[in-house]
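Below is one structure, written out as structure tokens, with a few remarks after it.
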Amino acid sequence: MSDLDELFEAAKAVRENAYAPYSNFLVGAALRTPDGTVYTGCNVENASYPVSVCAEGGAVSAMIAGGRRLIAEMVVIGDAALCSPCGMCRQRLKEFGTDHLVVHVADLNGVRRSFTMDELLPAAFELEMKKG
Ligand code: THU
């Protein structure tokens, strides 16, 4: 299995754990750090809608809790629609992406589109002290 297939399968599996009773839109995300470690996350909704957390946010939190701070590659998988990261998650990913981060957007059958961080968030806001 290729590295990308492994990431896709991890995202697909964690998507099954999503808590999305309000939207019924299940999302899974899997990221790989430069040392090859994989972290996953799924969306977790809330009766107070803005409290909800996206799958990408869950995966980033798992990575930070695991002691890593850089994302080399990521797969996001939603239902049928092209589930590309929301604006807030694009900023979140910018904080931790390597200069070569690629975000693959998938449906249940496989990767549909792949984006560089610059394509997702051109002219991004950044501060110099990040990635410490
Ligand atoms: N969602 C994600 O988890 N990631 C995305 O990239 C897009 C949207 C979630 C948020 C909400 O729980 C549901 O999908 C519908 O918007």
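The values are calculated or read from the model by the stated rules, or taken from the named source; none is laboratory data. Being a predicted model, the structure only gives us computed values, none of them experimental. Neighbour counts run over all protein chains shown; Cβ positions are idealised from the backbone, glycine included.
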Output the residue which, of all residues in the stretch 22-80 that are acidic (Asp, Glu) and under 15 Å from residue 101 (Cα atoms), is surrounded by the fewest Cβ atoms within 10 Å (Cβ to Cβ). 35
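Sort out which residues of the stretch 75-88 are in contact with a strand residue (DSSP E or B) (Cβ under 9 Å, 6 or more places away or on another chain) and more than 6 Å from the ligand (Cβ to nearest atom), and write them in order of number. Talk me through it step by step, then tell me what you get.
To start, the set of residues in the stretch 75-88 that are in contact with a strand residue (DSSP E or B) (Cβ under 9 Å, 6 or more places away or on another chain) comprises 75-85.
If the condition is that a residue be in contact with a strand residue (DSSP E or B) (Cβ under 9 Å, 6 or more places away or on another chain) and more than 6 Å from the ligand (Cβ to nearest atom), then 75, 77, 78, 79, 80, 81, 82, 84 are the ones that fit.
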With the checklist (1) outside any loop (DSSP other than H, G, I, E, B); (2) within 13 Å of the ligand (Cβ to nearest atom); (3) in contact with a helix residue (DSSP H, G or I) (Cβ under 7 Å, 6 or more places away or on another chain) in hand, flag the one item residue 22 doesn't pass. (1)
From 20, 47, 65, 13, grab the single residue that is of a type in the set (Gly, Ala, Ser) and closer than 24 Å to residue 1 by Cα. 13
Does at least one position in the stretch 64-80 carry a residue that is over 9 Å from the mean Cα position of the chain (by Cα) and at pLDDT below 95? yes
Can you name every residue in the stretch 2-11 that is assigned to a helix (DSSP H, G or I) and surrounded by fewer than 19 Cβ atoms within 10 Å (Cβ to Cβ)? 3, 4, 5, 6, 9
